[in-house]
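Below: the structure, in structure tokens.
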Amino acid sequence: MAQAVLLSAMQDPWFRMCLSLLRDVEQARDATQETALRVLRLLPEFRGDSSLSTWSMGIAINVVREMRRKRRPETGEVPDVAPDNAVSPDDVAIRSEQQRVLRAALGELSDRQREVVVCRYFEEKSTEETAEIMNCAPGTVKATLHQALRALKNKVKMLA
Amino acid sequence: MSNLRDQLDRAQAEYHSAAYPGDLAGELLTLRLTGSDTQNIARPVGSSAASSGVLTKNRWFWATGTGSAAAAALVGAFILSSSTTDIPVGPGSAGYLFSAPSGLTPRGPMVSVPATPNPWLLSNTTVPPAGDRFQLERNRNASAVGGIQMVDAPSTRPTGKDLSLQPHLRTLEYDRP
């Protein structure tokens, strides 16, 4: 029962992260399931040094990295996962265009840079938590984030 | 930069709108016990069933192991039965080694020859050697069809007496109860 509660609470965060990094719904679903299996298997070894969310995100990012190594060539843009109940047609048009540009720019980042942006901006994790998720030093997170933002800015300018 | 920040904020909202398509707990946790090592975790469904290597390795291991064990047991049983079973010699019997002409009826009593790894070692017993048995059968069949006796060249096989003279075979017991 506790396992079911844990999976229900974490399935969406895991799926979001996997989708934003893999950019394929089916692969993200597979990665989420694999993450869940690993989390349940490794749960007895969880020491509680970090939050369960951060610890499991680290597992998810490892699964994503493994899948990236043996995945087919990328399709290009991030699939549109936004709900259809948007505001007005004009806003939708402008925003969708901006989002398309941003998605394209995010897609052109390196894997590491995308992981940093997803953890820091989308998951709103701290630098230390991001470092734990990515299994690297906090200084590396800061440097990678700086490079990612600079690259994003240039790419958005170019694509806009 | 603020424009980029706004776009990132909107992207964040879009990011959080994504949800897992289905019920992960329902897909992975079932009531069926699949083994203590998996902690009630069932196989992933959908396309991940093929890609996940967590449980398929165990399945392949067990399938291969069971198949090999079954094959080994079959071969062992075959070898055991072929080396210990008496081979009935005579037309109409299931173990008959030669194809008897149809319509023939056996003459005389059925001879049952115990099969041994080396029939030469039984040459001084009451059971005739293999060559003689075959000659008897052929003569019997020949007399049934036309009375022509077929005679083979004298056998050059060593007899039991000859074998008993060989020092490395003296310790063997030739007579069977």
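Structure notes:
- What region A:1-79 shows is 45 Å² of accessible area per residue, with the surface traced by a 1.4 Å probe over protein heavy atoms.
- Length available on full extension from A:Asp49 to A:Ala2: 0.36 nm per residue minus the Cα-Cα distance, which gives 14.9 nm.
- Computed log₁₀ I(q)/I(0) - Debye formula, equal Cα scatterers, no solvent, region A:94-160, q 0.18, 0.21, 0.29 Å⁻¹: -0.63, -0.80, -1.20
- Debye intensity ratio I(q)/I(0), log10, region A:1-79, q values 0.15 Å⁻¹ (C-alpha model): -0.50
- Total accessible area lost when B and A pair, probe 1.4 Å, Å² to nearest 100: 3600 Å²
- Solvent-accessible surface (1.4 angstrom probe) belonging to A:Thr54, in square angstrom, nearest 10: 0 Å²
- Inter-chain Cβ neighbour count for A:6-16, averaged per residue, equals 5 (cutoff 10 Å, partner chain atoms only).
- A simple spin-label model places pseudo-atoms 7 Å from Cα toward Cβ; at A:Arg68 and A:Ser110 they are separated by 1.0 nm.
The values are calculated or read from the model by the stated rules, or taken from the named source; none is laboratory data. Please read all numbers here as calculations on a predicted model, not as lab measurements. Here the Cβ is made from the backbone with ideal geometry for all residues, glycine too, and neighbour counts use every protein chain on show. Accessible surface is based on the protein model in full, side chains and every heavy atom, while ligands, DNA and RNA are left aside. Shrake-Rupley method; radii C 1.70, N 1.55, O 1.52, S 1.80 Å.
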